[in-house]
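Peer 1: Before I ask anything, let me first share the structure, which is written out below as structure tokens.
The values are calculated or read from the model by the stated rules, or taken from the named source; none is laboratory data. Computed from a predicted structure; not experimentally measured. No Cβ is skipped: glycine too gets one built from the backbone with ideal geometry, and neighbour counts run over all protein chains shown. These accessible areas exclude ligands, DNA and RNA; they are computed on the full protein's heavy atoms, side chains included. Shrake-Rupley method; radii C 1.70, N 1.55, O 1.52, S 1.80 Å.
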Amino acid sequence: MTLIATPRSLSFDAPLALQSGASIRQYSLAYETYGTLNADRSNAVLICHALNASHHVAGVYAGQEKSEGWWDSMIGPGKPVDTNRFFVIGVNNLGSCFGSTGPMHVNPDTGRIYGADFPVVTVEDWVNAQARLLDALGIQQLAAVMGGSLGGMQALSWTLQYPQRVRHAVVVASAPNLNAENIAFNEVARRAIVTDPDFHGGHFYEHGVVPKRGLRIARMIGHITYLSDDVMNEKFGRQLRNGLLQYTTQDIEFQIESYLRYQGDKFSEYFDANTYLLITRALDYFDPAIRFDGDLARALAPATARFLLVSFSTDWRFSPKRSREIVKALLDNDRDVSYAEIDAPHGHDAFLLEDARYLAVVRSYFERIAAEFAGAAAVRELPAGALL
């Protein structure tokens, strides 16, 4: 059965206070839903996206080829997150460039495109905006919140900001904060963008140009970090593009160079430069333990949800060690935690790919969640006095 997706949008007039001290008003959030919300609204699952993804999580758009959602292998009828059982919500975050209000939109206070004036947003700000969306949909509690990478940070933050609204959290290929190496990668990518002559201080829209050179380099840097050494060697090795060395320092010699340039070119055609700066900064800033002198166990104490964490052996950007930090901090608080470390060769990108063991872990966990609300419904349907 093919899942047909329909993009939607909700507008909000009330200002949203941001962690920076700024606020944003008259904003919209793009979202999609899949499946049916049950009578007592207990089967809702929120999916949080990573850096360059969107609200289009699953299914296809009618009449559009190759329009599958970015997590279509995970979500849909009969899939690990089964839309025959769950009501799944995908939302595009503020500051993104796929429908929600972001730098490409008009600032209602000035009548001009935001550009670089769009306020800095954080993971916590996104979670607050998502909570408003759920309020508008009439959903007070989530069966689960789920995300990979930056999406996993949002899922973790949900359990701290709104502990009573989350029964389960599924955190995949994520971390409690970025280490110095990750912040460094983000900074190099940002510098590539802001030093592009077409960037114009972030107001390039007014000049009718796009800083494509900077975006290409940023994507090339990022893409290297998403893949493992083994996968890159297996796919490309030292293969030459033309079979023979051309003895050039300017043109492409190796297939890996060709691949990275292709990925950079494609990215520069659809992603917004200011959005890239905003989202990588949100990654840098996320650190729930910072207010507790780095004590992650104290930081996670408010969480009451049950957790599934998944990591991948070759993910060196969000290594299993970082997931185990979260697991230990939760166990120190006597929380219910399941953990799977998948021996997969694909690096950080593994969370987006079809790995039978990974999908089986998630399927099993969501079957447990489904059994919970199915059991609760059965208890509610018993005749009066049946439990006596």
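Peer 1: Enumerate by residue number the GluC sites (Glu not before Pro) in the range 259-366 meeting two conditions: DSSP loop (anything except H, G, I, E, B), and at most 11 other Cβ atoms within 10 Å of the site's Cβ.
Peer 2: GLU354
Peer 1: Follow-up question, since we're still on this one. With runs of 4+ DSSP H residues as the only contributors, calculate the mean residue ellipticity of the chain at 222 nm using -39,500 (n - 2.57) per run, divided by the residue total and rounded to the nearest 500.
Peer 2: Computed ellipticity for the chain at 222 nm equals -11000 deg cm²/dmol.
Peer 1: How large are Rg and Dmax for the range 243-388 when calculated on the C-alpha trace, in angstrom?
Peer 2: When restricted to Cα atoms, the range 243-388 yields Rg and Dmax of 23.0, 86 Å.
Peer 1: Take LEU37 and GLU234, extend 7 Å from each Cα along the Cα→Cβ direction, and tell me the distance between the two endpoints in nm.
Peer 2: The answer from the label model is 4.3 nm.
Peer 1: Name the residue, out of GLY222, GLY90, GLY151, whose mean-square fluctuation peaks in a Gaussian network model built on the chain with Cα pairs under 10 Å.
Peer 2: Of GLY222, GLY90, GLY151, the Gaussian network model singles out GLY222 as fluctuating most.
Peer 1: Sticking with this one: What residue among TYR358, VAL123, THR6 has its Cα farthest toward the positive end of the dipole of the chain, where the charges are +1 on Lys, Arg and -1 on Asp, Glu, each on the Cβ?
Peer 2: My answer, from the dipole projection, is THR6.
Peer 1: Then there is this: Give the lysines whose C-alpha is closer than 25 Å to that of LYS66, dropping any in the same chain fewer than 8 places away, or say none.
Peer 2: Leaving aside lysines fewer than 8 places away in the same chain, those within reach of LYS66 are LYS79, LYS212, LYS235, LYS266.
Peer 1: How big, on average over all directions, is the shadow cast by the Cα convex hull of the range 191-276, in nm²?
Peer 2: Taking the Cα atoms of the range 191-276, their convex hull projects to 6.5 nm² on average.
Peer 1: According to the square roots a ≥ b ≥ c of the eigenvalues of the Cα gyration tensor, what is the shape class of the range 34-128, taking rounded for a/c under 1.5, prolate for a/b larger than b/c otherwise, and oblate for the remainder?
Peer 2: Verdict is prolate for the range 34-128.
Peer 1: Longest span of the chain, sites excluded, free of trypsin sites (Lys or Arg not before Pro) in DSSP loop with at most 14 other C-beta atoms within 10 Å?
Peer 2: The answer is 239-388.
Peer 1: Would you work out the relative contact order for the range 86-129, in percent, from Cα pairs under 8 angstrom that are 6 or more residues apart?
Peer 2: 29 percent
Peer 1: Could you tell me what a quarter of the Cα convex hull surface of the chain works out to, in nm² with one decimal place?
Peer 2: Across all orientations, the chain yields a mean hull projection of 22.4 nm².
Peer 1: May I ask you to evaluate 6.51 cos²θ - 1.76 cosθ + 1.60, the Karplus curve with θ = phi - 60°, for each residue of the range 45-60 and list the ³J(HN,Hα) values in order in whole Hz, giving x for glycine and proline?
Peer 2: Using θ = phi - 60°, the values come out as 10, 9, 9, 9, 9, 8, 3, 10, 9, 8, 6, 7, 7, 9, x, 10 Hz.
Peer 1: Using the scaling law 2.2 N^0.38 Å as the reference, what is the normalised Cα Rg of the range 110-188? Working shown, then result.
Peer 2: Working: Rg = 15.1 Å, N = 79, 2.2 N^0.38 = 11.6 Å.
Here the answer is 1.31, to two decimals.
Peer 1: Let me spell out the model: positive unit charges on the Cβ of Lys and Arg, negative unit charges on the Cβ of Asp and Glu, origin at the Cα centre of the range 134-291. What dipole size does that give, in debye rounded to 20?
Peer 2: The dipole magnitude comes to about 260 debye.
Peer 1: Normalise the Debye intensity by I(0) for the range 52-183, one equal point scatterer per Cα, no solvent, then take log10 at q = 0.12, 0.13, 0.16, 0.17 Å⁻¹ and round to two decimals.
Peer 2: Treating every Cα as an identical point scatterer, log10 I(q)/I(0) equals -0.55, -0.65, -0.96, -1.06.
Peer 1: So, one more: What is the projected area of the convex hull of the Cα atoms of the range 6-65, averaged over all directions, in nm²? Spell out each step's value before the answer.
Peer 2: Details: hull surface 25.8 nm².
Over every viewing direction, the Cα hull of the range 6-65 projects on average to 6.5 nm².
Peer 1: Now, a different point. Rounded to the nearest 20 Debye, what is the dipole magnitude of the chain about its Cα centre when Lys and Arg each give +1 and Asp and Glu each give -1 at the C-beta?
Peer 2: Around 320 debye, computed over the chain.
Peer 1: Still on this structure, I have one more. Give, in whole angstrom and from largest to smallest, the semi-axes √(5λ) of the equivalent ellipsoid of the range 207-323, with λ running over the eigenvalues of the Cα gyration tensor.
Peer 2: Semi-axes, largest first: 37, 21, 11 Å.
Peer 1: With helices defined as uninterrupted DSSP H runs, which ones in the chain have an alpha carbon span along their own long axis of at least 15 Å and mean Kyte-Doolittle hydropathy of at least -0.5? Mind dumping the intermediate values first?
Peer 2: Working: long enough: 123-137 (21 Å, 0.15); 150-161 (16 Å, 0.41); 180-194 (21 Å, 0.29); 212-226 (21 Å, -0.16); 255-270 (24 Å, -1.29); 273-285 (18 Å, 0.31); 320-332 (18 Å, -0.62); 356-381 (37 Å, 0.33).
Long hydrophobic helices here: 123-137, 150-161, 180-194, 212-226, 273-285, 356-381.
Peer 1: What whole-number value in Å² describes the accessible area per residue of the range 106-148 for a 1.4 Å probe?
Peer 2: 33 Å²
Peer 1: Please state the charge dipole magnitude for the range 66-119, taken about the Cα centre, from unit charges on C-beta atoms (+1 on K and R, -1 on D and E), reported in debye and rounded to the nearest 20.
Peer 2: On the way: 4 positive and 5 negative charges, 26 e Å.
Taking the Cα centre of the range 66-119 as origin, the dipole is about 120 debye.
Peer 1: Now a separate question. What fraction of the DSSP beta bridges in the chain is antiparallel, stated in percent and rounded to the nearest 5?
Peer 2: Here the share of antiparallel DSSP bridges comes out near 30 percent.
Peer 1: Sticking with this one: Say the dipole of the chain comes from +1 at the beta carbon of Lys and Arg and -1 at that of Asp and Glu; which of ALA50, SER258, TYR27 then lies farthest toward its positive end?
Peer 2: The listed residue farthest towards the positive side: TYR27.
Peer 1: Moving on. Between LEU137, LEU260, LEU278, find the one with the highest GNM mean-square fluctuation for the chain; connect C-alpha pairs within less than 10 Å.
Peer 2: Answer for the Gaussian network model of the chain: LEU137.
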